[in-house]
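Down below is the structure, laid out as structure tokens.
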Amino acid sequence: MLEKSSNMSEKKTRTALLTDTHCHLDDPRYDADRQEVIDRARAFSPGVGNIITVGTGIESSGAALRIAHAHPSVYAAVGLHPHEASDFDDNAFKRLLALASDEKTVAVGETGLDYHYMHSTKEAQIHAFKMQVEIARETGLPVIVHSRDAGEEALEILEQSGYGSGALHCFSGDARTAAAAAAMGLYISVAGSVTFKKADALRRAVAEIPDDYLLVETDAPYLAPEPFRGRRNEPAYLAHTAKVIAGLRGISVEDLARITTLNASRLFGLGAAPGGDEIAGGAIVYQIRDSLYLNLTNRCSNSCSFCARFRSDFVKGHNLRLAREPEAGELIEAIGDPGRYGEIVFCGYGEPLMRLDVVKEVAARVKARGAKVRVNTNGQGSLINERNILPELKGLVDSLSISLDAQDEETYIRLCKPRQPRAFEALIDFIRQSVRYVPEVRVTVVETDGVDVAACRSLALSLGVKDFRVRKMDVVG
């Protein structure tokens, strides 16, 4: 069942709310309790902050806008559903264009293709879809795409149009389709169907959608998630869908809320991104799952071609682009009680061992309170500090995660672009010696073109490391 927030302190500390990017609050099934439905969305944990109510025709779109104007947390999308495509004409174009120009309209749609029910001909659906993409282009709004039993035809139409701002609503495809959509820059919105018992293929796809392209929705009053399947859906039930998606991706619901709400803010312009001051100035500490990460610097001795910091300021919804480097005391204060976390991890957008003294001071304080300490590093700490620093980490660091990222020096230089000579040689020596001083040593590589994973694994094992892992692109942690 949904869990109501238990006390006021919990409500004050909850920093990330979900965003329902697709529902239909104008549906007559809400006529008796629409206000209560909107209020209930925020009252439960995890709560829903912003809601986008989506039109399916001219009158429906007008109703969506009236609801949006009556509620500060509700926004509207205006469009003609493919079922109604036969009604699309010049007058419909003009009326939708006017509705799309309203200040509370954040998207055009839902539009697209539905070859399952065929309430309108293929020709009518394609024409209406293309014309609504033109409305989106003219107003600068993203397009919300409905695609059912239409293969990749909707994606092909978008690609041919040259307009790539939008979201695939109620995604039901496979991992290949999701990858193709993300490659086009389209966001992928997941609804309650991911909770259904026979949705194994969808769950596999949802686990692989890149963080930067993931959205969540209810499609209410349709597609109520388990355990409410068969009932009228509503935005509050997004909590159940979110928990399933978070579990598939190995993150917390709080992580998922932060990631997807940030994405919704980017795509639909729903105002300030989640996180308050953290978004403005960069997080010095940030939590993922039960680990607390410490972001010490944006400086690094490498400029890796695959590094997330060259594409975005955000990881898992956290802004890691520091305005300034924090002092040890600030980090200790921000950590609070380290016993609340499974581990404290020195890992941000830069190389933490560039600030060795801060790492040692904070790690000593954390260890004194019984917490576990991990350092994620590119393995150049001794080269950077011009001495063997591993004896200094003994007793302070429980675990090292060292980025190998190449099977040989030539590949390393090409992919990681180290700023100092002999960087690969220093990295290999650091790995070899680390097992003498740190109880747990892990070597990782990023799965990218040019990296021979098998050769990297063999190299790591030859250096005495037993824990070898392959990382996906753009993963910090």
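The values are calculated or read from the model by the stated rules, or taken from the named source; none is laboratory data. Everything quoted here is computed from the prediction, not taken from an experiment. Cβ sites come from the backbone with ideal geometry, for glycine too, and all protein chains shown count toward neighbours.
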Check: Restricting attention to the stretch 46-66, which residues are outside any loop (DSSP other than H, G, I, E, B) and among the β-branched types (Val, Ile, Thr)?
Finding: Val48, Ile51, Ile52, Thr53, Val54, Ile58
Next item on the list: Please name all residue pairs, on different chains or six or more residues apart, with Cβ atoms under 9 Å, provided the first residue is in the stretch 357-369 and is touching a residue at least 40 places away in the same chain (Cβ under 8 Å) and the second residue is among the charged types (D, E, K, R) and not in a helix (DSSP H, G or I).
Entry: Val358/Glu325; Val358/Glu327
Next item on the list: Could you grab me the full set of residues in the stretch 415-439 that are charged (D, E, K, R) and either touching a residue at least 60 places away in the same chain (Cβ under 8 Å) or under 12 Å from Leu459 (Cβ atoms) (or both)?
Entry: Lys417, Arg419, Arg432
Check: Is the stretch 119-135 home to any residue that is in contact with a Pro (Cβ under 8 Å, 6 or more places away or on another chain) and either surrounded by fewer than 22 Cβ atoms within 10 Å (Cβ to Cβ) or not assigned by TED's automatic domain parsing to the domain that holds Leu168 (or both)?
Finding: yes
Check: Which one is surrounded by the fewest Cβ atoms within 10 Å (Cβ to Cβ) among residues in the stretch 364-402 that are small (Gly, Ala, Ser) and part of a loop (DSSP other than H, G, I, E, B)?
Finding: Gly370
Next item on the list: For the stretch 85-112, enumerate the residues that are more than 25 Å from Gly151 (Cβ to Cβ) and of a type in the set (A, V, I, L, M).
Entry: Ala92, Leu96, Leu97, Ala98, Leu99, Ala100, Val106
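Let's see how each residue does on (1) of a type in the set (Asp, Glu); (2) loosely packed, with under 13 Cβ neighbours inside 10 Å; (3) in contact with a Phe, Trp or Tyr (Cβ under 8 Å, 6 or more places away or on another chain):
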{"site": "Ala406", "(1), (2), (3)": "no, no, yes"}
{"site": "Glu410", "(1), (2), (3)": "yes, yes, no"}
{"site": "Asp429", "(1), (2), (3)": "yes, no, no"}
{"site": "Val438", "(1), (2), (3)": "no, no, no"}
Checklist line | Breaking point among (1) more than 30 Å from Leu292 (Cβ to Cβ); (2) surrounded by fewer than 21 Cβ atoms within 10 Å (Cβ to Cβ); (3) charged (D, E, K, R), for Asp212 | finding: (1)
Check: Tell me, which residue of the stretch 164-218 that is charged (D, E, K, R) and in contact with a strand residue (DSSP E or B) (Cβ under 9 Å, 6 or more places away or on another chain) is farthest from Arg137 (Cα to Cα)?
Finding: Asp211
Next item on the list: Looking for whichever is out of contact with any Pro (no Cβ under 8 Å at 6 or more places or on another chain) and at pLDDT 95 or above here; the options are Ile245, Ile209. Which one fits?
Entry: Ile245
Check: Could you give every pair whose Cβ atoms fall below 6 Å, whose first residue belongs to the stretch 170-199 and is more than 22 Å from Thr53 (Cβ to Cβ) and surrounded by fewer than 22 Cβ atoms within 10 Å (Cβ to Cβ), and whose second residue is modelled with pLDDT under 95 and aromatic (Phe, Trp, Tyr), counting only separations of at least 6 or pairs across chains?
Finding: Ala182/Tyr213
